[in-house]
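To start, the structure under review is shown below, and the notes come after it.
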Amino acid sequence: MKNLAKITLAVISTLLLVSVVLIFVIAHFTVVFVLDTKINGRLFPSEIQVVPPALSQTLNVREWMLLTAKQRQILSQDNLVLKAYFIEASEPTNYTVILCHGYKNSALSMAEYAAVYHEAGWNVLVPDHRAHGYSQGRYITMGWKEHQDLILWVNSLIDQNPQEQILLHGLSMGAATVMMAAGSPKLPPNVVAAVEDCGYTSVTQELQDKVSRGLGLPAFPLVPVTSLLSRLQVGNFLGTVDCVKAVSRSTIPILFIHGENDSFVPFWMMEELYEAATCPKVKLAVPLAGHGQSQRVNPQLYWSTVEFFIMRFLPLDAPAQRKLVPEKRFDSK
C-alpha cells in the first residue's frame, strides 16, 4: 500500500509539473505569437477595407494618400521613431482627425477613412502604430503604449497650432487605443470627441474569449500566466488595457460602433463599453457586419451616424456637417 501511495503521489506530482510547464510554454508562445512582430502571427484578421467615394478616375485611394500626404515623425517615450501621414485640408481649418489603424495593419489601411474626412474639409493625421508600418518597435501592446504615443501625436499638432480641435477615430486595436487615450488624465483639452469602431472591452477579456471560445481551453490559469509573461517580455500586464475603465473616466463624447455579426471582438463588448461610459455618448449597431466591416456593409448608415455625432457634440464651425456620407463608390483594388 505504501509503495502504491508513493507511486500515485509521484504520478500526480509529475502530471502537475508537466501541466505547469505546458501552461508556461503555451503562455510564452501566445505572447510571442500575438505581440512580437518578428513572428508572423495574428490575434485578429486584417480589417476588411471599405471602398470610399471617388477622388479621381485614375488613382485608387491608397495611391492618392501616398501622393497627397506629407510624412511626419515623433519620438516615443521609449525613444522609438514613430511615423505618420499628414494630409492638409483643401482650405485652412483648425480641425484635425487622427485615424488609428487596427492590429498588424498600417496607416495605409485607413486610407479610405482619410479620403472621406479629407473631402469633408478636415486635416487628417494617420500614424503607423509602434511596430507597424514605418514606425520603429518590435512589440505590440494592444493599446497601452499605443495610447501614450497617440497623446504625443496630439501634442505635436497642438505645438504647431494651439487652436487645434482634434477628433480621434480608431478601428479595432486602434479603437482600444482611442478609448484608452479618452480616459487618460494626460489627454489635452484640444481633443473634443472620439469614435471607436469594434474595440474590445479589455485585452484580458479578449484573450479569455479567444482561449475559451476559439481554442476550447480553460482561460485560467493560462490567461493570468500569459499576462505575467507579457509584463516580463513586453513591459505591461494585459490588464493595463482596460477600455471599460477608460471610457468610464472619459469626459469627451464617444461614438461606439460595432457590427452585430462580429465574431472576433464579440458584439456584447460594445454594450458593456457603452453602459460603462458616463460621458456624452452615441452607439451604432450595424446589422450583418462582421469585424471591421461596418463601413463596407452600410456606408450610408455609418457615415450619417458619424455626421450626426459631429453635429451634436462638436462646435458649429466644425467641418463635415452633413458632408461625410459617400455618394459614390469605386474599385480601390
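No lab work stands behind these numbers, since they all come straight from the coordinates. This one's a predicted model, so the numbers in the text were calculated from it and none came from an experiment. Using ideal geometry, Cβ is built from the backbone for each residue, glycine included, and neighbour counts are taken over all protein chains shown.
Multiply the residue gap between L152 and E91 by 0.36 nm, knock off their C-alpha separation, and tell me the result in nm, one decimal place. Provide the component values of the computation, followed by the final result.
Details: separation 61, 0.36 × 61 = 21.96 nm, distance 2.53 nm.
Once the chain is fully extended between L152 and E91, it gains 19.4 nm.
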* Structure fact -> Each label sits 7 Å from Cα toward the beta-carbon; between L66 and S263 the label points are separated, in nm, by 3.3 nm
* By how many nm would the segment from Q136 to D36 grow when fully extended, if each residue of separation counts as 0.36 nm and the alpha-carbon distance is taken off? -> 34.7 nm
* Structure fact -> About its Cα centre, the range 130-274 carries a charge dipole, from +1 on Lys and Arg Cβ atoms and -1 on Asp and Glu Cβ atoms, whose size in debye to the nearest 20 is 540 debye
* Return the distance in nm (one decimal) between the two label points of a simple spin-label model at Q160 and R249, each offset 7 Å from Cα along Cα→Cβ. => 2.9 nm
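With Cβ to Cβ distances under 15 Å as the rule, what net charge do the other residues near A69 carry (K, R +1; D, E -1)? Walk me through the intermediate numbers first.
Working: positive: R62, K70, R72, K83; negative: E63, E88, E112, E119, D128.
In short, -1.
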* Which distance in nm do the two modelled labels at R231 and R312 give, with both placed 7 Å along the Cα-to-Cβ direction? -> 4.0 nm
* To do: Take the Cα of A285, step 7 Å along the line toward its Cβ, and report every residue of the range 242-277 whose backbone nitrogen sits under 18 Å from that point.
  => 255-277
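A 29 angstrom limit on the alpha carbon distance is what I want to check against. Which of K70/K281; K70/K245; K186/K210; K104/K186 exceed it?
With Cα atoms farther than 29 Å apart: K70/K281; K70/K245; K186/K210.
Using just the Cα positions, wrap the range 156-205 in a convex hull and report its mean projected area in square nanometres, one decimal place. Numbers along the way, then the final one.
Numbers: hull surface 14.8 nm².
With every direction weighted equally, the projected area is 3.7 nm².
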